[in-house]
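The structure under discussion appears below in the form of structure tokens.
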Amino acid sequence: MRTAEIKRKTKETDITVRFSLDGSGKGTIHTGIPFFDHMLDSFTRHSRFDLDIQAIGDLEKGPHHTIEDIGIVLGQVFTHALGEGRGIQRFASVIVPMDESKAEVALDVGGRPYLVFEGSFSGPVEGVIESWLVRHFFESFIQNAKVTAHMNVSGFSDHHKCEALFKAFGIALHSATKIVYNDGQVPSTKGVL
């Protein structure tokens, strides 16, 4: 079973994440930021990963530290669960519409962290999450998961754009981490991801 658990405690946050790549889309998510819980729940359901996040953060100062640190820990736990990546598909891309919005995500789970993010939000999403924090969450995840991601989002509703993005990311990550080769090889000419 490709699972992992990581706990991280700093002066700003106290986070525990349990994660399974081979799940069924079940999650228990408590970040203290209801809209962010909703986005992570959408990610979990559509990725088919199992995810348990318990986070306490210094929300009286704003959501920045909590969102950033969850991205860090989620990226780390993903890497631990993936292991050597033997037999995985490695590459995936998906387009997800949500009403007037559309998100496109292309991934390489190949050990090279890089993010290309195109799209913008009109202001704080649902009045809570500053728009730059959406990108910053993905940056934090990608740096720690060592994933290359190209993400593009368009539309009118910030809520719909954000949700389409989290859904697309989950679906693409699920596809990229599926075991599709039975030879036990790492899908890389280098022999390692």
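Yes/no matrix, rows are residues, columns are (1) of a type in the set (S, T, N, Q); (2) more than 24 Å from S120 (Cβ to Cβ); (3) touching a Gly at 6+ places or on another chain (Cβ under 7 Å):
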site	(1), (2), (3)
R2	no, yes, yes
K11	no, yes, no
T16	yes, yes, no
F19	no, yes, no
E84	no, yes, no
F91	no, yes, no
K102	no, no, yes
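With the structure loaded, tell me whether V186 is out of contact with any Lys or Arg (no Cβ under 9 Å at 6 or more places or on another chain), aliphatic (A, V, I, L, M) and at pLDDT below 95 or whether it fails that test.
no
Considering only residues that are in a loop (DSSP other than H, G, I, E, B) and either in contact with a Phe, Trp or Tyr (Cβ under 9 Å, 6 or more places away or on another chain) or surrounded by 17 or more Cβ atoms within 10 Å (Cβ to Cβ) (or both), which ones fall in region 57-84?
Of everything in region 57-84, just one residue is in a loop (DSSP other than H, G, I, E, B) and either in contact with a Phe, Trp or Tyr (Cβ under 9 Å, 6 or more places away or on another chain) or surrounded by 17 or more Cβ atoms within 10 Å (Cβ to Cβ) (or both), namely P63.
Out of the residues in region 85-108 that are of a type outside the set (D, E, K, R), assigned to a loop (DSSP other than H, G, I, E, B) and farther than 10 Å from S175 by Cβ, which is nearest to the chain's Cα centre (by Cα)?
Top of the filtered list is G85.
Output the number of the condition that Y114 fails; it satisfies all remaining conditions of (1) among the aromatic types (F, W, Y); (2) touching a residue at least 40 places away in the same chain (Cβ under 8 Å); (3) loosely packed, with under 15 Cβ neighbours inside 10 Å.
(2)
Cβ-Cβ distance below 9 Å, separation of 6 or more or different chains: which pairs start in region 160-181 with a residue that is in contact (Cβ under 8 Å) with a residue 24 or more places away in the chain and buried (at least 21 other Cβ atoms within 10 Å of the Cβ) and end on one that is assigned to a helix (DSSP H, G or I) and basic (K, R)?
Short answer, once both residue conditions are applied: K167/R45; G170/R45.
The values are calculated or read from the model by the stated rules, or taken from the named source; none is laboratory data. This structure is a prediction, so every number in the text was calculated from the model and none was measured. Every residue, glycine as well, gets a Cβ built from its backbone with ideal geometry; the counts of neighbours run over all protein chains shown.
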